[in-house]
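Just so it is clear, none of the values below were taken in a lab; they were calculated from the coordinates. Because the structure is predicted, anything quoted here is derived from the model rather than measured. FYI the Cβ positions are ideal-geometry reconstructions off the backbone, even for glycines, and counts take in every protein chain you see.
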Amino acid sequence: MNTVPNTTPGDAADAGEERLPLLPAQEGLWFVEGGRPSAHNVSFALDLGGSLDRSRLSRALRELAGRHAALRCRVVAESGTPVQLVAPSVTPHVTEVGIAAGPAAGAEDQTLDRWITAEQEKPFRLDEGPLFRVTLFRLAERRHVLLFVMHHIVSDGASCDLLARDLGVLYEAGATRLPCPLRA
């Protein structure tokens, strides 16, 4: 793959990455952020009741990233122009956090709220992918909350709804071992 001259070291596309232009809204956000680490993030949380199959969750997250190019991209400046570099694949990392019930009523939920806020406020480096992170909070043996945080340059409220729905479908499909019901 040819690289564009005058790129900053480390910004050149890795082998197999697809180069795409930014949409106008993404360009606006890029210029506002100046390419610096940014916490202009969007997120969704899923309250998972019942038993959790971590390997099935990992497979569902990998398939989700495979279906949505925005989850495999990073944004770099080439000759001063921002471009998206989309990796052919990405293996999502899930950070697990155990939250113990406190002595006060609602302490567990207050602790969870603080953790979620902290994760939502952590910046992303746009030139380093992926531009999302996943945190699994364990509140009890059969209660987990999955937090999915993305930089706004790759996601918005509507795409959060779509990703949450697709993740649920992919996780459930993994239990049945039937073909995925989502369109390719």
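Once amide H atoms are placed 1.01 Å from N in the peptide plane, what residues at a sequence separation of 5 or more from Glu78, or on another chain, have their amide H within under 5 Å of its amide H?
Val83
Across region 68-81, in residue order, what do the Karplus-derived ³J(HN,Hα) couplings come to in whole Hz, using 6.51 cos²θ - 1.76 cosθ + 1.60 with θ = phi - 60° and x for Gly and Pro?
Along region 68-81, the couplings run 10, 4, 4, 7, 10, 10, 9, 10, 10, 9, 10, 6, x, 10 Hz.
Of the chain, which part is the longest with no GluC sites (Glu not before Pro) in a loop (DSSP not H, G, I, E, B) and with at most 13 other C-beta atoms within 10 angstrom?
Value returned for the longest uninterrupted segment is 1-127.
What are the ³J(HN,Hα) couplings of region 15-23, residue after residue, when phi is run through the Karplus curve with 6.51, -1.76, 1.60 and θ = phi - 60°? Round to Hz, x for glycine and proline.
With the stated coefficients, region 15-23 comes to 4, x, 7, 8, 9, 10, x, 7, 6 Hz.
For Leu22, which sequence-distant residues (separation of 5 or more, or a different chain) have an amide H within less than 5 Å of its own amide H, given hydrogens modelled in the peptide plane?
Result for Leu22 returns Gln84.
Just going by the charge dipole of the chain, with Lys and Arg at +1 and Asp and Glu at -1 on Cβ, which of His40, Ser58, Ser159 is farthest out on the positive end?
Value computed over the given set: Ser58.
Amide H to amide H under 5 Å from Phe124: which residues, 5+ apart in sequence or cross-chain, H placed 1.01 Å off N in plane?
Ser38, Ala39, His40
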